[in-house]
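Here the structure is laid out as structure tokens; the discussion comes afterwards.
The values are calculated or read from the model by the stated rules, or taken from the named source; none is laboratory data. Given the structure is predicted, the values throughout are model-derived calculations rather than measurements. Quick reminder, even Gly has a Cβ in these numbers, built from the backbone with ideal geometry, and neighbours come from all protein chains shown. Just so you know, the surface numbers come from the protein's heavy atoms only, side chains and all, with ligands and any DNA or RNA stripped out. Shrake-Rupley method; radii C 1.70, N 1.55, O 1.52, S 1.80 Å.
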Amino acid sequence: QGAANFLAALGIPLSIAIALMGVMVASFAATTMDTACRLQRYVIQELSSTFLPKVMTYSCRSCTYDLSAHLHGKTHDSTLESEEIILCPECAAENPAHQLYHHDKSASRRAASFWNPFKHLATVHGATLFAVITAALLAFIPAPGQGFSLASAGTGGLILWPLFGATNQLLAGFAFVVIGAWLISKGKPIWFLILPAIIMLAVPAWAMSWQAFVGNADNPSWLSQSNWLLVGIASVTLILEAWLLVEVYVRWVGRKKG
């Protein structure tokens, strides 16, 4: 209604303005849920694939067709150095020879045991189901201290609400990392990103650590309150951040040596 008042000031009838704003809010909610599920699916697939057997192949990057018979007996090292283009007979995709020898995630999934849960979470459908089902469970359970009823159902998101501030701000730090990687790949300067990236990676991480493990008399830590769900998610988030920064450093050092 508040937003509709702005439209009403432009001469649009208030009832129509309310309907327009209702459609906008509903569309925003739907696209947010769609984006959240899709991004979570990407993350689950990527993390799960790291726990599968690593299989290096000469397969096509587009359709995973085995191209080893089309290399004319070339060795791994000579293939990496070659600028030749290998045409895939299955999908007609062009594969640069120096990029052909790579970690084939499809082959890794096939090589994993059926009882390995990561084998299924690394697939599109498995990761999507995991994202949707866990989100649905969180939405249906009541907030802390409330019994389950139709009135309290749907407030489960409040359980993770204390994490929102720090995790939301960490995304800004990750965005700086991605922007920096893109600028480096284009040979552009990144000096202006360094300070804001450090601030947006360090400050939210410290805030989350303080909330989870330190606290004070007015704001006791989640650990002292035995809130193991928040402590667990905060710990996993901090570990993933450290993992990302280590990978960035390793890639950066490797690139400079290369």
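Residue by residue through the stretch 23-70, note down the ones that are within 30 Å of LEU87 (Cβ to Cβ), assigned to a loop (DSSP other than H, G, I, E, B) and of a type outside the set (D, E, K, R).
Matches in the stretch 23-70: LEU52, PRO53, VAL55, TYR58, CYS60, SER62, CYS63, THR64, TYR65, LEU67.
Go through (1) surrounded by 15 or more Cβ atoms within 10 Å (Cβ to Cβ); (2) of a type in the set (A, V, I, L, M, F, W, C); (3) touching a residue at least 24 places away in the same chain (Cβ under 8 Å) and name the single condition LEU160 misses.
So the condition that LEU160 fails would be (1).
Is it true that some residue in the stretch 231-238 is within 30 Å of SER185 (Cα to Cα) and surrounded by 14 or more Cβ atoms within 10 Å (Cβ to Cβ)?
Restricting attention to the stretch 231-238, the residues satisfying the condition of being within 30 Å of SER185 (Cα to Cα) are 236-238.
Subsequent filtering for residues that are surrounded by 14 or more Cβ atoms within 10 Å (Cβ to Cβ) retains 237-238.
Checked against the condition, which is being within 30 Å of SER185 (Cα to Cα) and surrounded by 14 or more Cβ atoms within 10 Å (Cβ to Cβ), the stretch 231-238 yields at least one hit.
Restrict the check to the stretch 190-198 and report whether at least one residue is within 22 Å of ILE44 (Cα to Cα), of a type in the set (A, V, I, L, M) and out of contact with any strand residue (DSSP E or B) (no Cβ under 7 Å at 6 or more places or on another chain).
No, because not a single residue in the stretch 190-198 is within 22 Å of ILE44 (Cα to Cα), of a type in the set (A, V, I, L, M) and out of contact with any strand residue (DSSP E or B) (no Cβ under 7 Å at 6 or more places or on another chain).
Filter the stretch 104-118 down to the residues that are in contact with a helix residue (DSSP H, G or I) (Cβ under 8 Å, 6 or more places away or on another chain) and either in a loop (DSSP other than H, G, I, E, B) or open to solvent by less than 40 Å² (accessible area, probe 1.4 Å) (or both) and list them by number.
SER108, ALA112, SER113
For the stretch 117-151, which residues satisfy the criterion of being farther than 23 Å from ARG38 by Cα and either in contact (Cβ under 8 Å) with a residue 24 or more places away in the chain or not polar (S, T, N, Q) (or both)?
PRO142, ALA143, PRO144, GLY145, GLY147, PHE148, LEU150, ALA151
Any chance you could count how many residues in the stretch 123-148 are over 30 Å from ARG109 (Cβ atoms), open to solvent by 50 Å² or more (accessible area, probe 1.4 Å) and not aromatic (Phe, Trp, Tyr)?
5
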